[in-house]
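The values are calculated or read from the model by the stated rules, or taken from the named source; none is laboratory data. Not measured: the values here are computed from a predicted model. Methodologically, a virtual Cβ is constructed for each residue, glycine included, from the backbone with ideal geometry; neighbour enumeration extends over all protein chains shown.
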Ligand SMILES: Nc1ncnc2c1ncn2[C@@H]1O[C@H](COP(=O)(O)OP(=O)(O)OP(=O)(O)O)[C@@H](O)[C@H]1O
Ligand SMILES: [Mg+2]
């Protein structure tokens, strides 16, 4: 599946069992607010991780740091064997420049809460633009890839539509196709259904579910949909106060959480 | 001697100077179009520089504020009389067009700034997540969304600039105003040439203003 994405040889070849994403001692402050606190956190290759936790606990910030939208203050992040924010010069790690970020970023994709489609481009071009201009695919190859993905998300008949002509659920499905077209090894989903009308949530979740079942892409899913998290996740991470407060298989977290904060949180969200 | 009571509009004289004035109107238009094209490029450059790191954005901001808060006439004099002293020499028309481009470029840079700021932050984020290069983001994602809402403001500045071109007469560009002045001093008849200049300006800028209004209305509808 990743054949056309050139992944440069990592500094030390990762084993199949090595995490695809590794956070070590990552800190992020916004002014006085300490949002990520010495965060250690791994994601295995092809692992599906659901991140849950109270509002403001830093869930979005982890994804944004990993997507290089927010630079952490300290700590290390390794993606597929390569440092994200550092470059190896001899035995030393130096802060990465934009060129290095672009190289490592090819492994990561993201789907946003508010879709962020390009409103002035038709659906097809939303999906082909990056494969053509970033991956260097020919227009024909990119179109073929995009058409396949748009059919997969059930929008094969909307190629020529503009985003403004689509429903929220359709927009989010285009956004998923657009991110998939880059064939990332890790895909980040930040509350991708919370801006949708309730009746449109299902169509988006079912696509993510399908992706989760297909397999080889690691997925980091921030969500408030607890039953969805329970269904698709290999591991559920309860995030609190900028740290992993508790994690484990969904069955354990949802039925027998050990941390009182988790218990409290689940009680609150599962009640309504 | 000029006498208000006995003054008569000399139709024949007016008609005889019309061709010369129309040729001058072409110069006026050329100065406007070239000056504005320059302002569009300079304005974008200023806007981008002002978004850069501080050592770049501060000087750029200073230059923009300077250009905006000093009269165009003074700027034209500086370009025309001062620069040659430093060995930089352009003809009057080129100097005038550069002056217009700089002055209005400073104003347009503010229009660009507002337009660029109006593009949702999420567009930058999505573009970064898709790993586009900076230049590509500017060219194909940000500017195509930032520019259409700027069009009416651009149109208005175009018309304002058009009406300011008589200032170029101060540095001897033979545009409409300068030509009228020359005709007047040659024939001692000032009323006909200046009246015609006013009429020519009105006939060109009024339809242009209507066009801008319609554009604005259409953009508002498409929102
Ligand atoms: N760019 C920023 N500048 C200042 N503060 C920020 C910024 N981004 C996030 N924060 C703050 O950091 C904290 C963590 O934010 P984050 O968005 O990661 O929380 P979250 O867990 O995703 O919450 P939610 O469930 O509400 O989405 C919040 O208090 C938020 O207000
Ligand atoms: Mg969030």
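What do you reckon, is residue A:218 touching a helix residue (DSSP H, G or I) at 6+ places or on another chain (Cβ under 6 Å), modelled with pLDDT of 95 or more and buried (at least 23 other Cβ atoms within 10 Å of the Cβ)? Can you show your working first?
Values: touching a helix residue (DSSP H, G or I) at 6+ places or on another chain (Cβ under 6 Å): no; modelled with pLDDT of 95 or more: yes; buried (at least 23 other Cβ atoms within 10 Å of the Cβ): yes.
No, not satisfied.
All but one of (1) within 16 Å of ligand 2 (Cβ to nearest atom); (2) over 12 Å from the mean Cα position of the chain (by Cα) hold for residue A:154; state the number of the condition that does not hold.
Of the numbered conditions (1) within 16 Å of ligand 2 (Cβ to nearest atom); (2) over 12 Å from the mean Cα position of the chain (by Cα), the odd one out for residue A:154 is (1).
Counting only residues that are surrounded by 21 or more Cβ atoms within 10 Å (Cβ to Cβ) and away from ligand 1 (no atom under 16 Å from the Cβ), which one in the range A:184-199 is nearest to the chain's Cα centre (by Cα)?
The selected residue is A:187.
Which one of B:113, B:139 is more than 19 Å from the chain's Cα centre (by Cα) and farther than 26 Å from residue A:61 by Cα?
On the way: B:113 fails: more than 19 Å from the chain's Cα centre (by Cα).
Criteria check complete, one pass: B:139.
Taking the range A:124-167, which residues are over 20 Å from residue A:107 (Cα atoms) and within 14 Å of another protein chain (Cβ to nearest Cβ)?
A:125, A:162, A:163, A:164, A:165
Select from the range A:188-210 the residues that are in a loop (DSSP other than H, G, I, E, B) and within 16 Å of ligand 2 (Cβ to nearest atom) and write down the one among them that is nearest to the other protein chains (Cβ to nearest Cβ).
In this case the residue turns out to be A:195.
Mind listing whichever residues of the range A:62-79 are out of contact with any helix residue (DSSP H, G or I) (no Cβ under 8 Å at 6 or more places or on another chain), more than 13 Å from chain B (Cβ to nearest Cβ) and closer than 15 Å to residue A:42 by Cβ?
The answer is A:62, A:75, A:76, A:78.
In the range A:30-62, which residues are farther than 29 Å from residue A:267 by Cα and within 15 Å of ligand 1 (Cβ to nearest atom)?
Passing the criteria: A:30, A:31, A:32.
Could you check, for the range B:147-163, whether at least one of its residues is within 10 Å of chain A (Cβ to nearest Cβ), touching a residue at least 24 places away in the same chain (Cβ under 8 Å) and not in a loop (DSSP other than H, G, I, E, B)?
yes
Going through the range A:223-237 one residue at a time, which ones are within 14 Å of ligand 1 (Cβ to nearest atom) and within 17 Å of residue A:192 (Cα to Cα)? Please lay out each step first, then the result.
If we filter the range A:223-237 for residues that are within 14 Å of ligand 1 (Cβ to nearest atom), which is where we start, we get A:223-226, A:229, A:237.
Within the range A:223-237, A:223, A:224, A:225, A:226, A:229 qualify.
Report, by residue number, each residue of the range B:145-156 that is under 12 Å from the mean Cα position of the chain (by Cα) and surrounded by 19 or more Cβ atoms within 10 Å (Cβ to Cβ).
Within the range B:145-156, just B:154 meets the criteria.
Please determine whether any residue of the range B:122-137 is within 14 Å of another protein chain (Cβ to nearest Cβ), in a loop (DSSP other than H, G, I, E, B), in contact (Cβ under 8 Å) with a residue 24 or more places away in the chain and more than 14 Å from residue B:76 (Cβ to Cβ).
Looking for residues that are within 14 Å of another protein chain (Cβ to nearest Cβ), in a loop (DSSP other than H, G, I, E, B), in contact (Cβ under 8 Å) with a residue 24 or more places away in the chain and more than 14 Å from residue B:76 (Cβ to Cβ), one finds none in the range B:122-137, hence no.
Against the conditions (1) modelled with pLDDT under 95; (2) within 16 Å of ligand 2 (Cβ to nearest atom); (3) under 19 Å from the mean Cα position of the chain (by Cα), where does residue A:237 fall short? Just the number, please.
(1)
Kindly indicate which of A:205, A:220 is touching a residue at least 12 places away in the same chain (Cβ under 8 Å) and away from ligand 1 (no atom under 16 Å from the Cβ).
The match here is A:205.
Contact list please: Cβ distance under 9 Å, first residue in the range B:6-31 and loosely packed, with under 12 Cβ neighbours inside 10 Å, second residue modelled with pLDDT of 95 or more and not in a helix (DSSP H, G or I), pairs at least six apart or on different chains.
Every condition considered, no pair remains.
Taking the range A:92-123 on its own, how many of its residues are on the phi > 0 side of the Ramachandran plot and more than 10 Å from chain B (Cβ to nearest Cβ)? Before you say what the answer is, go through the steps one by one.
Kept after step one, since they are on the phi > 0 side of the Ramachandran plot, are these residues of the range A:92-123: A:115-116.
Those still in the list that are more than 10 Å from chain B (Cβ to nearest Cβ) too: none.
Of the residues in that region, 0 qualify.
Given the criteria touching a residue at least 40 places away in the same chain (Cβ under 8 Å), over 13 Å from residue B:35 (Cβ atoms) and surrounded by 13 or more Cβ atoms within 10 Å (Cβ to Cβ), does residue B:57 qualify?
The answer is no for residue B:57.
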